[in-house]
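Notes for the one structure printed next.
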Amino acid sequence: MRIAAVDVIVTCPGRNYVIVKITTDDGVVGWGDATLNGREQSVVAYLREHVAPLLVGRDATRISDIWQYLYRGSYWRRGSVAATAIGGVDIALWDIAGKVAGLPVYRLLGGRARDGVTIYGHASGTDIDGAVADVGDFLARGYRAVRVQALVPGLTSNYGLRHGTGLTYEPAAGELPDEETWDSAAYLDFVPGLMKRVREEHGYGFHLLHDVHHRLSANEAAQLGRSLEPYRMFWMEDPTPAEDQAAFRLIRSRTTTPIAVGEIFSGIWDCQLLISERLIDYIRVAVPHAGGITHTRRIWDLADLYGVRTGSHGPGDVSPIGIAAALHLDLVAPNFGIQEYMGHLDPAGEVFRAGYSYGEGMLDLGDAPGIGVEVDEDAAARYPYSPKYLPVARLADGSMHDW
Ligand code: EZ4
Ligand code: CO
């Protein structure tokens, strides 16, 4: 079974997605997710110019070799663009493998280790009352784990606030990035009171999460972690920009609040130090951004050796194909922790026919062979690519800050 064609589709049903379509010489089609939010066209060019010509004619069943060929076979091989391109190809090849076998991918990976996948949703508010009420809505809908973000007093907007019912809070609407302001001192003063109110109103019978989104210094992160200890967080996510991995030794030594990192990592080598020194509790790579199923599985096995559990990145900018790929791994992994799930805007449902379903705070996959998400190419063509940027953040004096 040879690869006959590798096509790349870019579509914007509410937000941009990059879809890899691999067709075999006997007509089997596999779908992969290669979406990199705000940098979509870099991955498209990488795939079309540099990857597709390498794949045509190759044996589609040799998924492991193709991964190595695309990674080791590329001298310039690190980074999110390359990893996402490889990830999209890898997911599409697993889709083909499952379709040929007549089995869902989780069966190829060893079969269910659990009955369903526990997810966490994204609650937010423009003040504490609003955020507390939003948490209540998630709990009423059966969620057992909720992430909470709120507008920090004195700021006009900040990361993680949902506007209306839409899930489009991240890409800017304009042709240039939105500019947000940031104030770490105001944030550090505000967040403990937010979590205190959430626990007072809703109790301790659910998992409570929070995303710091790379905003703090190591010492500030330690302060935050300590101040949140009474509220028994499931995790604090991305407390600092994780390029400086030694900083996590400092954070770790000063707080018992669990730490989750990894959504911008692109491979096992980015995870090695944090996992092997037990500096984090959850590894949060996104399956499409970390080289797909083949490579994410290796990261999770490494994590399991050190008691680190999984918390796969699952925002709306990971397409339903990428979410489904994560769910297959989630069902099988011995060290599964939790799955992030934001959902997708309604038009995405016209493009992606996803077989997974929600019930009581969990997602589950059906028995569809392969990844279990089919793409309607006519629908995709109705939603052409629309250039978007993620926001940027500045301090009050105009200095750039990490977003
Ligand atoms: O900002 O996926 O935990 N979730 C996140 C996301 C990221 C976006 C960036 O594309 O941090 O909302
Ligand atoms: Co995050």
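Please state which one of I91, I86, I119 is of a type in the set (V, I, T), out of contact with any helix residue (DSSP H, G or I) (no Cβ under 8 Å at 6 or more places or on another chain) and closer than 29 Å to D270 by Cα. Talk me through it step by step, then tell me what you get.
Numbers: I91 fails: out of contact with any helix residue (DSSP H, G or I) (no Cβ under 8 Å at 6 or more places or on another chain); I86 fails: out of contact with any helix residue (DSSP H, G or I) (no Cβ under 8 Å at 6 or more places or on another chain).
The match here is I119.
Name the single residue, out of those in segment 212-240 being within 12 Å of ligand 2 (Cβ to nearest atom) and closer than 25 Å to G79 by Cβ, that is surrounded by the most Cβ atoms within 10 Å (Cβ to Cβ). Step through it out loud before you land on a result.
Within segment 212-240, the first condition is being within 12 Å of ligand 2 (Cβ to nearest atom), and the residues that meet it are 212-215, 235-239.
Okay, now just the ones that are also closer than 25 Å to G79 by Cβ, so 212-215, 237-239.
On the way: V212: 23, H213: 19, H214: 20, R215: 24, E237: 24, D238: 22, P239: 30.
Across segment 212-240, the extreme among qualifying residues is P239.
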Quiz prompt | Qualifying position, being surrounded by fewer than 21 Cβ atoms within 10 Å (Cβ to Cβ), assigned to a helix (DSSP H, G or I) and assigned by TED's automatic domain parsing to the domain that holds Y356, among P177, P192 | solution = P192
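Would you confirm, using the coordinates I've provided, whether V135 is of a type in the set (A, V, I, L, M), without any contact (Cβ under 8 Å) to a residue 60 or more places away in the chain and in the same structural domain as M236 (by TED's automatic domain parsing)? Quick ask: steps written out before the conclusion?
Values: of a type in the set (A, V, I, L, M): yes; without any contact (Cβ under 8 Å) to a residue 60 or more places away in the chain: no; in the same structural domain as M236 (by TED's automatic domain parsing): yes.
When the stated conditions are applied, V135 does not pass them.
Being in contact (Cβ under 8 Å) with a residue 24 or more places away in the chain and in contact with a Ser or Thr (Cβ under 9 Å, 6 or more places away or on another chain): is that true of A123 here?
Details: in contact (Cβ under 8 Å) with a residue 24 or more places away in the chain: yes; in contact with a Ser or Thr (Cβ under 9 Å, 6 or more places away or on another chain): no.
It is false that A123 is in contact (Cβ under 8 Å) with a residue 24 or more places away in the chain and in contact with a Ser or Thr (Cβ under 9 Å, 6 or more places away or on another chain).
Looking at A222, is it more than 16 Å from ligand 1 (Cβ to nearest atom), assigned to a helix (DSSP H, G or I) and either on the phi > 0 side of the Ramachandran plot or in contact with a Lys or Arg (Cβ under 7 Å, 6 or more places away or on another chain) (or both)?
Spelling it out, A222 is indeed more than 16 Å from ligand 1 (Cβ to nearest atom), assigned to a helix (DSSP H, G or I) and either on the phi > 0 side of the Ramachandran plot or in contact with a Lys or Arg (Cβ under 7 Å, 6 or more places away or on another chain) (or both).
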Exercise. Filter segment 316-354 for residues that are surrounded by 20 or more Cβ atoms within 10 Å (Cβ to Cβ), within 12 Å of the chain's Cα centre (by Cα) and of a type outside the set (A, V, I, L, M) and give the result.
Key: G316, D317, S319, P320, G322, Q339, E340, Y341
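Name the strands (runs of 3 or more DSSP E) wholly within segment 307-383 that hold at least 2 residues that are in contact (Cβ under 8 Å) with a residue 24 or more places away in the chain, within 18 Å of T294 (Cα to Cα) and small (G, A, S)? Let's see the steps before the verdict.
Working: elements: 309-312, 338-340, 352-354, 357-359, 362-364, 373-375.
Counting at least 2 such residues, we get 309-312.
Going by the conditions given, is A150 within 22 Å of A260 (Cβ to Cβ) and within 16 Å of ligand 2 (Cβ to nearest atom)? Working first, answer last.
Details: within 22 Å of A260 (Cβ to Cβ): yes; within 16 Å of ligand 2 (Cβ to nearest atom): yes.
So A150 passes the test.
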Practice problem: Select, from D90, D95, D65, the only residue that is more than 29 Å from P315 (Cα to Cα) and of a type outside the set (F, W, Y). | Solution: D65
Exercise. Look at segment 284-321 and say how many of its residues are in contact with a Phe, Trp or Tyr (Cβ under 7 Å, 6 or more places away or on another chain) and either modelled with pLDDT under 95 or within 15 Å of ligand 2 (Cβ to nearest atom) (or both).
Key: 5
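The values are calculated or read from the model by the stated rules, or taken from the named source; none is laboratory data. Keep in mind it's a predicted model, so treat the numbers as computed, not measured. FYI the Cβ positions are ideal-geometry reconstructions off the backbone, even for glycines, and counts take in every protein chain you see.
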